[in-house]
Amino acid sequence: MSRRATTSALWLAAVCACSSTGASSKMTDQQPASPSTGLEGNASRGSHRPICQVDVSCKTPFRGGFEVRQGDRIVTQFQTDSAGHFRVPLAPGEYTIQADSSAPLLARSQTYQVTVGPRGFTQLELDLDTGAR
């Protein structure tokens, strides 16, 4: 094999090895999410009772889907568990969080502006208004 063919074969092997590292098929123009940064917290909805009582919470956990946006672009989506808890890895930056289309109408109109810092998971409490009064 000539020197040129050997160099070409090595270059092709390196390109193939780099492209098969298991990267996500969803490409974005933002920095990839870090497993060590993102958002973590709880989502709740309230008031779910017409009359609240002292020492009795008027809020309940909110189980549902959310979209994470930068501008008009959806960066990722996440789902809360039955206790309303969520943890979503995100690269440091500015984001808008909004309930997805499966949420009750009033919840979809509420947005939250958040900043994910350069270290750790940013704590976020999503308190969704049900409109019950």
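Quick one: in the range 95-133, of everything that is within 17 Å of Gln70 (Cα to Cα) and touching a helix residue (DSSP H, G or I) at 6+ places or on another chain (Cβ under 9 Å), which residue is modelled with the highest pLDDT?
Going through the qualifying residues, I end up with Gln98.
Of the residues Ser24, Ser34, Ser20, which single one is polar (S, T, N, Q), in contact with a strand residue (DSSP E or B) (Cβ under 9 Å, 6 or more places away or on another chain) and modelled with pLDDT under 65?
Ser34
Quick one: what pairs do we get from the range 64-79, first residue closer than 15 Å to Tyr112 by Cα, second loosely packed, with under 13 Cβ neighbours inside 10 Å and hydroxyl-bearing (Ser, Thr, Tyr), C-beta under 8 Å, 6+ apart or different chains?
Gly65/Ser102
Six or more apart or on different chains, Cβ under 6 Å: which pairs go from a residue in the range 114-126 that's of a type in the set (Ser, Thr, Tyr) and exposed (fewer than 11 other Cβ atoms within 10 Å of the Cβ) to one that's at pLDDT 95 or above and part of a strand (DSSP E or B)? Could you list them?
So the pair list comes out as Thr115/Glu94.
Out of the range 64-102, which residues are out of contact with any strand residue (DSSP E or B) (no Cβ under 7 Å at 6 or more places or on another chain), farther than 15 Å from Asn42 by Cα and not in a strand (DSSP E or B)?
Gly71, Asp72, Ser101, listed by residue number.
The values are calculated or read from the model by the stated rules, or taken from the named source; none is laboratory data. Everything quoted here is computed from the prediction, not taken from an experiment. Note that each Cβ is placed from the backbone with ideal geometry, even for glycine, and that neighbours are counted across all protein chains shown.
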